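See structure below.
The values are calculated or read from the model by the stated rules, or taken from the named source; none is laboratory data. Keep in mind that this is a model prediction, so the values were computed, not measured. In this analysis, Cβ positions are derived from the backbone assuming ideal geometry, glycine residues included, and neighbour counts consider all displayed protein chains. Surface areas here come from the heavy atoms of the whole protein model, side chains and all, with no ligands, DNA or RNA. Shrake-Rupley method; radii C 1.70, N 1.55, O 1.52, S 1.80 Å.
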Amino acid sequence: MNTLIWILIFVGTFLFMEFMAWFTHKYIMHGFLWSLHRDHHHKDHDSWFERNDAFFIFYAIVSMSLFYSGANGFWYGWPLGFGILAYGIAYFFVHDIFIHQRFKFFRNANNWYAKGVRRAHKIHHKHLGKNDGECFGMLFVPFKYFKKG
């Protein structure tokens, strides 16, 4: 029974992180911390790193703190921490590698899902300012972006 609960917590955390990414992106990154996220929309820097990368550090600290709590008796910390870590890895592969090509992998991915996610993110970056944006999620985007066209 504990294994099933562990798996459910892990999967639930992973799915909840998509909501957290959407919420953080829309209301924090495009809100009061736009100063950190702005360089992701405006490529006015020569560095491979962006100030926007600081958001990764926040979620890494949360995940590591949950691992620490799991090692100290709060066993729910393990599946929670791994769910956040798994989402972070998925986000890194989809957003940084696949969409923005920070590493030159998955350049030829051209299936239905890949096209839809790429299209949605392109629309998101169409708005250079912090207002009037759309498509703040990453792994689950509106179905309209999956339509052929």
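Against the criterion of being surrounded by 13 or more Cβ atoms within 10 Å (Cβ to Cβ), modelled with pLDDT of 95 or more, in a helix (DSSP H, G or I) and not polar (S, T, N, Q), Phe56 does not qualify. Restricting attention to segment 59-84, the residues that are surrounded by 15 or more Cβ atoms within 10 Å (Cβ to Cβ) and either of a type in the set (D, E, K, R) or over 20 Å from Ile7 (Cα atoms) (or both) add up to 1. If only residues of segment 10-53 that are surrounded by fewer than 17 Cβ atoms within 10 Å (Cβ to Cβ) and outside any helix (DSSP H, G or I) are counted, the one that is modelled with the lowest pLDDT is His45.
How many residues, within segment 1-18, are within 16 Å of the chain's Cα centre (by Cα) and touching a residue at least 40 places away in the same chain (Cβ under 8 Å)? Show your work before the answer.
So in segment 1-18, the residues within 16 Å of the chain's Cα centre (by Cα) come out as 11-18.
Right, trim to touching a residue at least 40 places away in the same chain (Cβ under 8 Å) and you get 11-14, 16-18.
Counting residues in segment 1-18 that are within 16 Å of the chain's Cα centre (by Cα) and touching a residue at least 40 places away in the same chain (Cβ under 8 Å) gives 7.
Is there a residue in segment 93-103 that is more than 15 Å from the chain's Cα centre (by Cα), farther than 22 Å from Trp6 by Cβ and open to solvent by 50 Å² or more (accessible area, probe 1.4 Å)? Taking every residue of segment 93-103 in turn, at least one turns out to be more than 15 Å from the chain's Cα centre (by Cα), farther than 22 Å from Trp6 by Cβ and open to solvent by 50 Å² or more (accessible area, probe 1.4 Å). Scan segment 121-144 for residues that are modelled with pLDDT of 80 or more and farther than 16 Å from His95 by Cα and the total you get is 3.
Restricted to segment 106-120, and to residues there that are part of a loop (DSSP other than H, G, I, E, B) and open to solvent by 90 Å² or more (accessible area, probe 1.4 Å), the residue that is nearest to Val94 (Cα to Cα) is Phe106.
Of all the criteria given as (1) part of a loop (DSSP other than H, G, I, E, B); (2) in contact with an Asp or Glu (Cβ under 8 Å, 6 or more places away or on another chain), the one not satisfied by Ile123 is (1).
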